[in-house]
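Below is one structure, written out as structure tokens, with a few remarks after it.
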Amino acid sequence: MLLKNFKDNVIETKNLDFKTIIQDVSFEIRRGDYAAIIGPNGGGKSTLVKLILGLIPHDNGVIKLFGQAPSLGSLKKIGYVSQGIAKLDENFPISVHEVIKLGLIANKSLFSRITKNDLARIDHVLTKMNIQDLKDAKISELSGGQRQRVMIAKALVNQPQILILDEPNTGVDKQSQINFYALLKDLNHNENITILFITHDLGVIVDDINKVLCINQTLLACHDPRQIYHSEQLNQLYGVDAHMVCHHH
Amino acid sequence: MEIFQYTFMLKAFLAGTMIAAIASSLGMFVVVKRFSMLSDALAHISLLGVAIGFLTALSPSYSSLAFTLVASWIIEYLRQHNKLYSDSILSIFLSGSLALAIIIVSASSSFNTSLFDYLFGSIVAIDDDDIVIISLLGLICAVTLYVNFQRFLYIAFDEESAKASGINTTFLNYLLISLVSVVISVSIKIVGALLIGAMMVIPAIIAMQFSKNFKNSVTYAILIAMVSVIAGLFISYYASLPSGATIVVLLLCFFTVSILFKTKRY
Ligand SMILES: Nc1ncnc2c1ncn2[C@@H]1O[C@H](COP(=O)(O)OP(=O)(O)OP(=O)(O)O)[C@@H](O)[C@H]1O
Ligand SMILES: [Mg+2]
């Protein structure tokens, strides 16, 4: 039986190396964590996520997903929103509904088609992300914030246990960001989805998250978020006398 | 109608509409992957295959199929493993294979006329074997495309996310490019190496302007391609024009109309 306080590691790396970009990175993400990855541009945040997802092969070290070596099965339990999805091909003729449907293919065998249950799931995430009215719209006609919600919907439709988001809110207005953070918090609290969130902006979510990974080539610190706020390590991380990126209201 | 009394015209309609359907639906994926020049490059490679087939007394159909397939795998390999731009890889293949084909042709001038057919396409050149091959390969392409439609779409839309979700993108990329080369090498005899690219790309470009989703785009592209082939064959028959060129000019007319129509709405 699962004890209430027992939390298994869903992502675990040990002494992970990739070229000179990622060096000796070890950390653990537990089930139910809401973790932020911060670090300067070019610090290797996206690379780290790609290593975890097996998009690029690592040189040394160990990656474990759900306590085991990464496999197709474990990838299917992860929803991923990559960086720069906002700069989509403007001419790509694909509707919101079609994009979200793509999130379901991973679990489909070669000859199985979309079922009623699948369509119900798509409707569910459309409602959850509040984009029902946009379902037939062409993706390139949407605003940045709307696109972001579509990409999250695509990641959620497969009912993942982990959600990995690589700076999904670049170019999104304040109000949409606040709604977005409320949604992430809800997913984390109420649906127990583990979240790994790359961001340059800890300000608003610092009270929601329970772990911060500071990455600049190597893992500089793995913190409780409230400690890092005034930490010396932040200076080391950004190389300059950085102060925490905060919201300017 | 008189036109249907000739079996070669019936064969042309049959082969032409089948090629139109397959080439334009594959073309849709090629276009959204920003790989439009692929079909032109492969068509020239398949021309080289034909020339080598004539030279070595192999069947030109088979040698062009073999050449195009192997070249397409090399192109895909370079695309995945090199940092070169896809379009520069393609132009190297295009001009390189054309140069080689020209050298082979000028070295042995005996088959100039039949090679000419492959350049511009010839409806009278279709024989029963071609019909069988086209139907068979067409069926294979249609089934493969149908089964992998969503996966191909995912890769075209966002290759990285597709890979991250566990889809075997490497294999599917090779599969798609193989389908494209098969279709091209069987159709150059009819449509012509210089024109098959237009047949793949133009219907897709027209269709994209008028649909908000991918499924409709593919449907429209197929319809546009089939209408152009049927109308093009009629016109070429009654006006004694070369069929491939007539079809492409028709496609260009549709394209122009679509652009005008689209621009007027804003
Ligand atoms: N495939 C690759 N091969 C070699 N080097 C790469 C590759 N991808 C990225 N890099 C380099 O790795 C470093 C880290 O890049 P990465 O994209 O992981 O940074 P990041 O922390 O996500 O930055 P940003 O905040 O700008 O998104 C950069 O110096 C980049 O140039
Ligand atoms: Mg990044």
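The values are calculated or read from the model by the stated rules, or taken from the named source; none is laboratory data. Fair warning: this is a prediction, and the values are worked out from it, not measured in the lab. Here the Cβ is made from the backbone with ideal geometry for all residues, glycine too, and neighbour counts use every protein chain on show. The protein model used for the area step is the full one, side chains on, heavy atoms only, and it has no ligands, DNA or RNA in it. Shrake-Rupley method; radii C 1.70, N 1.55, O 1.52, S 1.80 Å.
For the protein assembly as shown, the fraction of 1.4 Å probe accessible surface lying on carbon and sulfur atoms is 60 percent. Considering only B:S25, B:S240, B:S135, the mean-square fluctuation computed in a Gaussian network model of chain B, springs between alpha carbons under 10 angstrom, is largest for B:S240. Classify chain B: rounded, prolate or oblate, from the alpha-carbon gyration tensor (a ≥ b ≥ c, eigenvalue square roots; a/c under 1.5 rounded; otherwise prolate if a/b is larger than b/c)? Cα axes put chain B in the oblate bin. Averaging Cα coordinates gives a centre for region B:203-266 and one for region B:156-190; these two points are 24 Å apart.
In the protein assembly as shown, a dipole from Cβ-located charges (positive for Lys and Arg, negative for Asp and Glu) runs towards its positive end, and of A:P160, B:V257, A:F27 it is A:P160 whose Cα lies farthest in that direction.
Applying 1/(1 + (r/R0)^6) with R0 = 41 Å to the Cβ-Cβ distance of B:L241 and B:V147 gives a FRET efficiency near 0.60.
Taking label positions 7 Å along the Cα-Cβ direction at both A:A182 and B:A107, the computed distance is 7.4 nm, reported to one decimal. Between B:A51, B:A12, B:A239, find the one with the highest GNM mean-square fluctuation for chain B; connect C-alpha pairs within less than 10 Å. Checking each option, the largest mean-square fluctuation is seen for B:A239.
Residues in region A:100-108 carry Karplus couplings, in order, of 5, 4, 4, x, 8, 5, 3, 8, 9 Hz; the curve used is 6.51 cos²θ - 1.76 cosθ + 1.60 with θ = phi - 60°, and Gly or Pro positions show x. The mean count of C-beta atoms from other chains within 10 Å of the C-beta of residues in B:162-173, rounded to a whole number, is 5.
Take the accessible area of A alone and of B alone, subtract that of the pair with a 1.4 Å probe, and the total buried over both chains is about 2700 Å². Comparing mean-square fluctuations of B:Y220, B:Y62, B:Y146 from a GNM of chain B with C-alpha springs under 10 Å, the top value falls on B:Y146. The calculated Kirkwood hydrodynamic radius for region A:87-160 is 12.4 Å, given to one decimal from all distinct C-alpha pairs. Using 0.36 nm per residue and subtracting the Cα-Cα separation, the extra length available between A:R113 and A:K14 on full extension is 31.7 nm. Could you work out the helix-only [θ] at 222 nm for chain B, with each DSSP H run of four or more residues adding -39,500 (n - 2.57) and the total divided by the number of residues, to the nearest 500 deg cm²/dmol? Mean residue ellipticity, 222 nm, calculated: -28500 deg cm²/dmol.
Considering only Cα atoms, the convex hull volume of the protein assembly as shown works out to 183 Å³ per residue. Given +1 at the Cβ of Lys and Arg, -1 at the Cβ of Asp and Glu and no other charges, the dipole of the protein assembly as shown around its Cα centre is 820 debye to the nearest 20. The mean accessible area for residues of chain B, using a 1.4 Å probe and ignoring ligands and nucleic acids, is 44 Å² per residue.
Taking the Cα centre of region B:14-197 as the origin, how large is its charge dipole in debye, to the nearest 20, when only Lys and Arg (+1) and Asp and Glu (-1) carry charge on their Cβ atoms? Walk me through the intermediate numbers first.
Numbers: 7 positive and 11 negative charges, 86 e Å.
Roughly 420 debye, rounded to the nearest 20.
About the centre of its Cα atoms, region A:87-160 shows a dipole size close to 280 debye [charges on the beta carbon of Lys, Arg (+1) and Asp, Glu (-1) only; nearest 20 debye]. A 1.4 Å probe run over region A:92-142, with the rest of the protein chains in place, finds 47 Å² accessible per residue. With loop membership from DSSP and a limit of 10 other Cβ atoms within 10 Å, the longest segment of chain B without trypsin sites (Lys or Arg not before Pro) is B:84-264. With r as the distance between the Cβ atoms of A:V206 and B:F210 and R0 = 45 Å, compute the FRET efficiency 1/(1 + (r/R0)^6) and round to 0.05. After rounding, the FRET efficiency stands at 0.40. Long hydrophobic helices in chain B: the complete DSSP H runs spanning 27 Å or more by Cα along their own axis with mean Kyte-Doolittle hydropathy of at least 0.0 are B:7-32, B:37-56, B:60-81, B:86-107, B:128-157, B:169-191, B:214-238, B:243-264. Dipole orientation for chain B: of the candidates B:F93, B:S46, B:V147, B:V147 has the Cα lying most toward the positive pole (charges on Cβ; Lys, Arg +1; Asp, Glu -1). Ranking A:Q146, A:N91, A:L119 by Cα position along the charge dipole of region A:87-160, where only Lys, Arg, Asp and Glu carry charges on their C-beta atoms, puts A:L119 farthest toward the positive end.
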